[in-house]
Amino acid sequence: MNKMIGLDIHNLASELWPLNRSITGEGTRETLRIISKHIPNLCIKSVPSGTNVFDWKIPKEWYVKEAYIITPNGEKICDFSKNNLHLLGYSISFKGEISLKKLKNHLYTLPEIPDAIPYITSYYEERWGFCLSHNQFESLKEGNYIVHIDTKKFNGVLNYGELLVKGNRKEEIFLSTFICHPSMANDQLSGPTVLTYLVKWIMQLKNPEYSYRIVFIPETIGSITYLSLHYKEMKNKVIAGFCISCIGDERSFSYVPSRNGETMSDVVAKHVLYWTDHNYKSYTWLDRGSDERQYCAPGIDLPVASIMRSRYTHFREYHTSLDDLKNVVTPKGLDGGYWVLRRAIEAIERNKKYKVTVLCEPQMSKRGLYPTLSTKTSVQTVKLMMNFISLSDGKTSLIEIANKLNMPIWKLYDLVDKLESHDLITAYE
Ligand code: ZN
């Protein structure tokens, strides 16, 4: 492998870190603009507030000018400009002087992790509030506090990014990530940044077999919106897909199946994860938590699985200020996440059925495919080649052959290319 791509992905995550992403608003648009510097063809779409999407309605757009609290001592705390997690997501405006007792009704903390600022939102219920560490909360003194929240909710738009890449076939591989959380790393920036670099790789593929549909959307409301516009077409075209999130730490690999559990995405995810980390964590459909909830909903039924590192809700720093780009998400973690997904996509691209072109075993020596010197390695190479040919019946897919041979699919690519170049096998489907 060449230079660690995780370093570039980590740099992009650092650039996106400070933006105040939410399900709507300028931080999300700016995130899409920065991503589109890497993916010039990314189309940034807008859907107006109030639009009905299946059972939901696009909410008003949220704008934050500033938000902070002044303590009785005159100290500025919970300053949104220092950390955007301090402000309750979608908080309404409030300006006034109130007692600590009253203020406490609007403060959110996480007593079990007392040094973390929790990430909390109230999209669909009008509230104002701040989030702070439990340690800071405990240190607040009696007295009057000046609360200053200058926000606006107005009829605006919900934005998402979409890219369609044409391949040889009209069947599509669908890749989705969310862009609606503020400054957090594994459960936010790892997804869109890894996907950005995967798209850069996909765009330079010379001859992609499949077409690609790629979306950067706000979680839940965004996927529901996107499906409400495209699900019929997607049901006809999408043959595999992945939700990409929580893909940047170094602790584990994990998998959440599609609802069906046996789609191409599931087969490939399990294969690639197993050969990346025999001890990867396998969850069930009941452990779902991100946009697969919509993609696999009854009647939508898309073949979408999730390949992750430490899964949402299952790591200590989840939805807090501790989910950062230093201690949780690292270049190495992002690198591993990128490669496991790239291998999964590549496996789908290359998962054809091959058939040997001669009856009985082909004579390898007249084609120069049989080593003239018998060493331990050459014996293994020949054994693998003959095993592969013996399984190339035109009915067994490459991933099934790899499973039968008990090896990762990517270790077969060179052999397939070699046998194809000697016209010893031909590809079906
Ligand atoms: Zn989340």
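The values are calculated or read from the model by the stated rules, or taken from the named source; none is laboratory data. Treat the numbers as computed from the prediction; the structure is a model and nothing was measured. No Cβ is skipped: glycine too gets one built from the backbone with ideal geometry, and neighbour counts run over all protein chains shown. For the accessible areas, the whole protein counts, side chains as well, though only heavy atoms, and no ligand, DNA or RNA atoms are used. Shrake-Rupley method; radii C 1.70, N 1.55, O 1.52, S 1.80 Å.
Consider region 206-235 and keep the residues that are within 16 Å of the ligand (Cβ to nearest atom) and not in a helix (DSSP H, G or I). The one that is nearest to residue 9 (Cα to Cα) is 216. Taking each residue of region 317-339 that is over 19 Å from residue 131 (Cβ atoms) and among the polar types (S, T, N, Q) and looking for partners that are open to solvent by 20 Å² or more (accessible area, probe 1.4 Å) and away from the ligand (no atom under 15 Å from the Cβ) with beta-carbon atoms closer than 9 Å, six or more apart or interchain, yields 330/10; 330/250. Residues in region 254-262: is at least one touching a Cys at 6+ places or on another chain (Cβ under 9 Å), surrounded by 20 or more Cβ atoms within 10 Å (Cβ to Cβ) and of a type in the set (A, V, I, L, M, F, W, C)? Among the residues of region 254-262, at least one is touching a Cys at 6+ places or on another chain (Cβ under 9 Å), surrounded by 20 or more Cβ atoms within 10 Å (Cβ to Cβ) and of a type in the set (A, V, I, L, M, F, W, C), which makes the answer yes. Kindly provide the set of residues from region 135-176 that are of a type in the set (D, E, K, R) and surrounded by 12 or more Cβ atoms within 10 Å (Cβ to Cβ), ordered by number. Once the filter is applied, which keeps residues that are of a type in the set (D, E, K, R) and surrounded by 12 or more Cβ atoms within 10 Å (Cβ to Cβ), region 135-176 yields 150, 152, 153, 162, 169, 171, 172. For region 53-80, a residue qualifies if it is within 17 Å of residue 147 (Cβ to Cβ) and within 27 Å of the chain's Cα centre (by Cα), and the qualifying residues are 64, 80.
When the test is whether a residue is out of contact with any helix residue (DSSP H, G or I) (no Cβ under 8 Å at 6 or more places or on another chain) and part of a loop (DSSP other than H, G, I, E, B), residue 279 passes it.
Any residue that is free of Cβ contacts under 8 Å to residues at least 60 places away in the same chain, acidic (Asp, Glu) and either closer than 20 Å to residue 231 by Cα or outside the structural domain of residue 10 (by TED's automatic domain parsing) (or both) - is there at least one of those in region 285-301? The answer is yes; a qualifying residue exists.
Considering region 170-193, and only residues there that are β-branched (Val, Ile, Thr) and within 16 Å of the ligand (Cβ to nearest atom), the residue that is nearest to residue 159 (Cα to Cα) turns out to be 179. Only one of the numbered conditions (1) surrounded by fewer than 24 Cβ atoms within 10 Å (Cβ to Cβ); (2) more than 16 Å from the ligand (Cβ to nearest atom) is violated by residue 324, and that is (2).
Can you say whether residue 41 is under 30 Å from residue 300 (Cβ atoms), in a loop (DSSP other than H, G, I, E, B) and open to solvent by 40 Å² or more (accessible area, probe 1.4 Å), as far as the supplied structure shows? Yes, satisfied. Against the test of being touching a strand residue (DSSP E or B) at 6+ places or on another chain (Cβ under 6 Å), more than 26 Å from residue 110 (Cα to Cα) and touching a residue at least 12 places away in the same chain (Cβ under 8 Å), the options 270, 355 yield a single qualifying residue, 355. Considering 77, 69, 117, the condition of being open to solvent by less than 40 Å² (accessible area, probe 1.4 Å), β-branched (Val, Ile, Thr), within 16 Å of the ligand (Cβ to nearest atom) and not assigned by TED's automatic domain parsing to the domain that holds residue 180 is satisfied by 117 alone.
In the set (1) over 21 Å from residue 133 (Cβ atoms); (2) part of a loop (DSSP other than H, G, I, E, B); (3) open to solvent by 20 Å² or more (accessible area, probe 1.4 Å), residue 342 fails one condition alone, (2).
For region 290-321, filtered to residues that are of a type in the set (S, T, N, Q) and surrounded by 19 or more Cβ atoms within 10 Å (Cβ to Cβ), the residue that is nearest to the ligand (Cβ to nearest atom) is 290. Restricting region 296-339 to residues that are in a loop (DSSP other than H, G, I, E, B) and small (Gly, Ala, Ser) leaves a set whose member that is modelled with the lowest pLDDT is 310.
Within region 191-204, residues that are closer than 14 Å to residue 166 by Cα and modelled with pLDDT under 95 reach no partner that is open to solvent by 10 Å² or more (accessible area, probe 1.4 Å) and not polar (S, T, N, Q) with beta carbons closer than 9 Å at six or more positions or on different chains. Looking only at region 221-238, which residues are among the aliphatic types (A, V, I, L, M) and buried (at least 17 other Cβ atoms within 10 Å of the Cβ)? Scanning region 221-238 gives 221, 224, 227, 234, 238. Within region 184-210, being open to solvent by less than 10 Å² (accessible area, probe 1.4 Å) and among the polar types (S, T, N, Q) holds for 186, 188, 190, 193, 196. Across region 79-109, the number of residues qualifying as in contact (Cβ under 8 Å) with a residue 40 or more places away in the chain, among the small types (Gly, Ala, Ser) and assigned to a loop (DSSP other than H, G, I, E, B) comes to 2. In this entry, residue 108 passes the filter for residues that are within 16 Å of the ligand (Cβ to nearest atom) and either modelled with pLDDT under 95 or under 30 Å from residue 294 (Cβ atoms) (or both). Filtering region 202-239 to residues that are out of contact with any helix residue (DSSP H, G or I) (no Cβ under 6 Å at 6 or more places or on another chain) and aromatic (Phe, Trp, Tyr) leaves 210, 226, 231.
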